[in-house]
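The values are calculated or read from the model by the stated rules, or taken from the named source; none is laboratory data. In this text, all values refer to a predicted model and were calculated from it rather than measured experimentally. As a convention, Cβ positions derive from the backbone with ideal geometry for all residues, glycine included, and neighbour counts pool all protein chains shown. With ligands, DNA and RNA removed, areas are computed over all heavy atoms of the protein, side chains included. Shrake-Rupley method; radii C 1.70, N 1.55, O 1.52, S 1.80 Å.
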Amino acid sequence: MSKPNHDLYDNGTEGASQLSQKAGENGLAAASTSKHNAYQAFRPRLLYCPLFAWSAVTAGKFIAVFLQQLSPQFSDNNVGMTLSGQYAITSFLAGWGGSLADATERKCENWGCGRLKVTSLGVLLGTLSFLGHDLPQYINFRHLQEMINFPGDIQMCWHIMMRCITAVSLAIVAPSLDGLALAHLNCIEGSSQSEFGIERMYGAVFWGAGSLAAGIGIDHYGFGFLYVLVVVTALASYASMVVYLVSIQQDSTNKFSKKNFLKPESNDPATISCQSINSPESGGSDDTRQKLEAKSDVPAFDLFLLICNEGYGKAIIFFVFTLATGISVVDNLAFIYFDFLGSSNTMNGCTVVFTVLFELPLFYLAPFLLKHHGPGRLLLYAGGAYVVRVFGYTIVPE
């Protein structure tokens, strides 16, 4: 009986092991190459860029001086009241706009299509209302006022109505776009909703670019340039929506499906608010967090009552209300104040660019800042910075 050849056996085993290892390496390389070659959808920043440029035209800081140019009846007081009313309408209807976007999204077969439909509707409404400011020069409003025996200035009332319609459009566009961005980030592997600030950073860049373009155009061509710019930015917004939807449909990661829509723990706007406001870092109590986490769908009014149960929640609401009051006055009338100081429209646009330059690092570092400081402390920092800003305005003439 012959003796087994152990050397041959050992060599065969070692060879098989090497072949197996090599095959595994080749498989990993192929998988890596396949992953590298996989087509991934565009991130929400693609939408933020043109939409924020559009917002800079329709609801930016030039609106105050724009209204005064439209009608001599727009005193500083009337402009402030008009823009404060616009801000209030947007704030009150923003929840409805987000709910409309979510409801439309549920009815659509393709991921993101519903929210973008609502967003496109808001852009159309805002564009038409802005172009409506140009209508009085083609209609004899004075003759119309005499016909209907209207006691006030009907032309100024027309412009106020256009601002109210613009406020409704902003209440639709903003929550729809933000909801889409948060849902998108939740679907990306290795990403989270804390990166929302990074996506929003690109919008800030184009907010500054749109404001600068508006300022330069006004100095060279007059305020009529804004009508051209609003149409261009609106068309760019629609183009970005089409490109984004096509990229979603062609995405090969299979992450964007309806099963990933509105998971209670991630995408529901109410739940997002609950988690962020009542997180351990923010100071909310464990009892409130447990009530919120127990519900996958919290109505807005119930959410408000739950937040008001805590002293911390009441403080946040008071803080946001007070800060919004200051913003509605200072930001809306800032360019009128700058005009009083002798600034050109181009320089006014540059002030927005300078502001954006300081915002960019904060947006980029948002995940780190939220993790290490929490939203409550960051709100205090923001409030302190705004107080310094407003105080600085008061000492400029001196």
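Observations on the structure shown:
- Segment 315-387 shape via C-alpha gyration tensor axes, a/c threshold 1.5: oblate
- Per residue value of the accessible surface for segment 296-348 (all protein chains in place, 1.4 Å probe), Å²: 56
- The residues of segment 147-208 expose on average 39 square angstrom of accessible surface per residue, using a 1.4 Å probe on protein heavy atoms.
- Summing charges over neighbours of Asn78, with a neighbour being any other residue whose Cβ is under 13 Å away from its Cβ, gives -1 when K and R count +1 and D and E count -1.
- Gain on full stretching of the segment that runs from Leu124 to Ser91 - 0.36 nm per residue minus C-alpha separation: 9.9 nm
- When a 1.4 Å probe is rolled over the protein heavy atoms, the share of accessible surface on segment 295-398 that falls to carbon and sulfur comes to 75 percent.
- Carbon and sulfur %, accessible surface of segment 39-86 computed with the full protein complex present, 1.4 Å: 53
- Accessible area of segment 77-133 divided out per residue, in Å², using a probe of 1.4 angstrom: 45
- Here the peptides 64-76, 381-393, 330-342, 207-219 are ranked by packing, the mean other Cβ count within 10 Å, and the order with the highest first is 207-219, 64-76, 330-342, 381-393.
- Nitroxide proxy distance, nm - points 7 Å out along Cα→Cβ at Val353 and Ala324: 3.2
- For Phe391 and Lys255, a Förster radius of 45 Å and the Cβ-Cβ distance give a FRET efficiency of 0.40, rounded to the nearest 0.05.
- Neighbours of Leu47, meaning other residues whose beta-carbon lies under 12 angstrom from its beta-carbon, give a summed charge of +2 when Lys and Arg score +1 and Asp and Glu score -1.
- Using all pairs of distinct alpha-carbon atoms, the Kirkwood hydrodynamic radius of segment 38-111 works out to 15.5 angstrom.
- Stretched out straight at 0.36 nm per residue, the stretch from Leu380 to Glu109 would grow longer than its current Cα-Cα span by 93.3 nm.
- Viscosity 1.567 mPa s, temperature 4 °C, Stokes-Einstein D of segment 156-200 from Kirkwood C-alpha radius, µm²/s: 105
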